[in-house]
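**Student:** Have a look at this one.
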Amino acid sequence: MAFSFEDLNLEGIVAAKGSQQLPKGKYVVKVTEAEVRKTATGGSQVYVNMACDDGMIRMWINVHTPSSEAATRIGREQLKALCTFGGHSNPDKPGDISSLIGLEPGIRVVDESFKDKTTGKDRAGTKVSGFVDPKSVPKGMVSSPPPLETSSKDLDDEIPF
């Protein structure tokens, strides 16, 4: 039987939620995608997509930058942190790129501003600023605590000295 869009019935189907970029905070995430990609300058980077119940975030880790030893070192330090805090069985020699999929590191997400390559306009977003021990991050997002609510009654107590 051929597919007919006109006969399509979506009753009982739950609408998919759009993926949401993680806002500033700390999270425990799971690596859902990982691949090695060539850069425009002849280097190599590791593309990583990470997700949790609060949303998702992507990261590009430069692991070989021919024009900069410092950039290569920094990228490799980031990859080692991902492997270490993500629970990789061999963080020193991760081997196959697919071995990153399923790792569950803690991450710190910060605000970032950037220029949109398509429109040329300044935009706001977020980025991963580092990896942390997932045991140090409660499940889900940890952001700034809400301000304490106080009333004038709370401020009228006697000073005990």
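**Student:** Once you keep just the Cα pairs under 8 angstrom separated by 6 or more residues, what percentage relative contact order results for the stretch 1-96? Could the numbers behind the result be given before it?
**Tutor:** On the way: 116 pairs, mean separation 16.1, N = 96.
17 percent.
**Student:** Enumerate the residues in the stretch 54-71 having an amide nitrogen under 12 Å from the point lying 7 Å beyond the Cα of THR41 toward its Cβ.
**Tutor:** Residues passing the 12 Å test: 62-71.
**Student:** Right, another one. With a 1.4 Å probe and all protein chains left in place, how much of the accessible area of the stretch 6-62 comes from carbon and sulfur atoms, in whole percent?
**Tutor:** Working: 1840 of 3750 Å².
Answer for the stretch 6-62: carbon and sulfur cover 49 percent of the accessible area.
**Student:** Same structure again: Which of the listed residues, ILE57, VAL31, GLY43, is farthest toward the dipole's positive end in the stretch 9-57, when Lys, Arg count +1 and Asp, Glu count -1 at the beta-carbon?
**Tutor:** GLY43
The values are calculated or read from the model by the stated rules, or taken from the named source; none is laboratory data. Because the structure is predicted, anything quoted here is derived from the model rather than measured. In this analysis, Cβ positions are derived from the backbone assuming ideal geometry, glycine residues included, and neighbour counts consider all displayed protein chains. Accessible surface is based on the protein model in full, side chains and every heavy atom, while ligands, DNA and RNA are left aside. Shrake-Rupley method; radii C 1.70, N 1.55, O 1.52, S 1.80 Å.
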